[in-house]
Amino acid sequence: MYDTIIIGAGPAGLTAAIYMRRANKKTLVLEAKVCGGQIVNTMDIENYPAEMHISGMELSDRLQNQAKELGAEIKYEKAIEIRKIDDFYEVVTDESKHKTRTLIVATGADNRKLGLENEDELLGKGVSYCATCDGAFYKDKDVAVVGGGNTALEEALYLSKIASKVYLIHRGNMFSGDEKTVDLLKKQKNVKMIMNSNVVEMITGDDGKLMEIKVVDDDDKESSVKVDGVFIAIGYIPETQNFAKLIKLNRAGYVKADEDCETNEPGIFVAGDARTKEVRQLVTATSDGAIAATKAIKYLNNL
Ligand SMILES: Cc1cc2nc3c(=O)[nH]c(=O)nc-3n(C[C@H](O)[C@H](O)[C@H](O)COP(=O)(O)OP(=O)(O)OC[C@H]3O[C@@H](n4cnc5c(N)ncnc54)[C@H](O)[C@@H]3O)c2cc1C
């Protein structure tokens with residue numbers, strides 16, 4: 001019987017493991033793919049406090065080593081289901097079953113992709129899903145933002161202060177995001193809106209980096225837009241559906257919880273990108289990890 005099982009070894013889950021172990025709680029971390037989560041393939045992180053430059057892999061390794069050295073157990077198994085049995089929970093994985101008194105869901109979210117052939121290959125070479133993370137790399141360059149919701153609008157506004165030109169490409173004829181942000185964007189001289197259009201191809205230069213995108217409008221008219229970067233902001237897919245029987249999700253699939261990281265189920269907590277929140281970043285994920293673990297420790301100490 002574990003004191004806690006943490007599902008997901010991203011920054012939120014590994015931080016939670018560090019806190020749990022420092023409180024001497026028997027901790028298992030389950031990871032479906034690789035430790036580190038979304039950040040592992042990122043070459044350069046510039047916004048993690050006290051680290052001017054660090055690669056995603058190095059940050060992940062350090063987090064993982066810290067959790068392990070403190071005594072957290074890590075198993076590479078995918079959690080398929082959570083069951084409540086009497087006063088404990090059973091986590092069913094693709095390989096086994098584990099018992100625990102508390103659970104921290106830290107399964108993160110995946111960016112929704114455009115589905116273009118070389119999209120994955122160009123990650124970090126012109127393709128990004130996060131302007132706050134990567135915008136600074138495109139100072140005085142030309143970029144495109146794809147999407148029509150609040151995230152896309154905010155990203156375009158953020159980038160308009162950094163890049164020399166921002167193309168905002170939306171497949172519809174109206175934005176679904178806030179009108180106020182649309183009005184602000186219309187006032188930016190370096191923002192051009194391209195409506196009723198889809199990005200259909202990403203073309204690279206000899207250096208393998210993005211240099212141009214092909215856009216097709218509703219009348220099948222094709223045009224080329226020269227850009228150094230394209231920011232895809234068409235939503236996220238939270239990795240939470242496996243647990244929906246026991247914990248409440250919002251319509252988009254995020255686990256419903258406030259800053260206290262408590263779910264509707266008393267012994268189950270949520271941390272990081274999988275939670276309903278506004279800012280999905282490394283610092284907010286690690287912060288959630290600390291809060292969720294502290295709550296789980298209090299819960300265990302009161303049993
Ligand atoms: C390309 C890219 C660059 C980024 N750059 C920055 C940056 O520079 N600065 C910044 O602050 N933020 C950045 N972010 C955002 C940041 O990575 C996320 O906010 C952060 O990783 C969220 O951490 P998390 O632990 O909540 O989730 P994740 O990092 O998504 O980790 C969740 C983990 O859970 C695992 N998992 C999912 N389902 C299961 C399951 N059923 N069973 C077991 N394991 C499971 C996943 O495999 C994954 O390892 C970037 C994101 C991306 C995609």
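Things worth noting here:
- Just so you know, in segment 26-41 the residues that are over 13 Å from the mean Cα position of the chain (by Cα), among the aliphatic types (A, V, I, L, M) and within 6 Å of the ligand (Cβ to nearest atom) include one that is surrounded by the fewest Cβ atoms within 10 Å (Cβ to Cβ), and it is 32.
- Hey, residue 181 of a type outside the set (D, E, K, R) and surrounded by fewer than 24 Cβ atoms within 10 Å (Cβ to Cβ) or not: yes
- Counted residues, segment 164-201 - those being touching a Lys or Arg at 6+ places or on another chain (Cβ under 6 Å) and among the aliphatic types (A, V, I, L, M): 1
- Some residue of segment 2-9 being surrounded by fewer than 24 Cβ atoms within 10 Å (Cβ to Cβ) and either within 10 Å of the ligand (Cβ to nearest atom) or among the acidic types (Asp, Glu) (or both): yes
- Hey, residue 158 more than 19 Å from the chain's Cα centre (by Cα) and of a type in the set (Ser, Thr, Tyr) or not: no
- For segment 150-178, a tally of residues being touching a strand residue (DSSP E or B) at 6+ places or on another chain (Cβ under 9 Å), farther than 23 Å from residue 218 by Cβ, among the charged types (D, E, K, R) and surrounded by fewer than 20 Cβ atoms within 10 Å (Cβ to Cβ) returns 1.
- Just one residue in the set 290, 252 is under 29 Å from residue 124 (Cβ atoms) and surrounded by 14 or more Cβ atoms within 10 Å (Cβ to Cβ); that residue is 290.
- Options 278, 259: the member that is modelled with pLDDT under 95, closer than 27 Å to residue 177 by Cβ and within 16 Å of the ligand (Cβ to nearest atom): 278
- The number of residues in segment 241-294 that are acidic (Asp, Glu), part of a loop (DSSP other than H, G, I, E, B) and either more than 18 Å from the chain's Cα centre (by Cα) or under 18 Å from residue 81 (Cα atoms) (or both) comes to 2.
- All of (1) out of contact with any Gly (no Cβ under 9 Å at 6 or more places or on another chain); (2) more than 30 Å from residue 121 (Cβ to Cβ); (3) in contact (Cβ under 8 Å) with a residue 60 or more places away in the chain hold for residue 22 with one exception: (3).
- Counted as qualifying within segment 1-107 are the strands (runs of 3 or more DSSP E) with 2 or more residues that are of a type in the set (Lys, Arg) and modelled with pLDDT of 95 or more, namely 79-85, 97-105.
The rows are residues; the columns are (1) under 22 Å from residue 301 (Cβ atoms); (2) in the same structural domain as residue 212 (by TED's automatic domain parsing); (3) surrounded by fewer than 17 Cβ atoms within 10 Å (Cβ to Cβ); (4) touching an Asp or Glu at 6+ places or on another chain (Cβ under 7 Å).
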position: 24; (1), (2), (3), (4): yes, no, yes, no
position: 51; (1), (2), (3), (4): no, no, yes, no
position: 67; (1), (2), (3), (4): yes, no, no, no
position: 71; (1), (2), (3), (4): yes, no, yes, no
position: 87; (1), (2), (3), (4): yes, no, yes, no
position: 106; (1), (2), (3), (4): yes, no, no, no
position: 117; (1), (2), (3), (4): no, no, yes, no
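The values are calculated or read from the model by the stated rules, or taken from the named source; none is laboratory data. Quick caveat, the model's predicted, so the values are computed rather than measured. With ideal geometry, Cβ positions are generated from the backbone for all residues, glycine too; neighbour counts draw on all protein chains shown.
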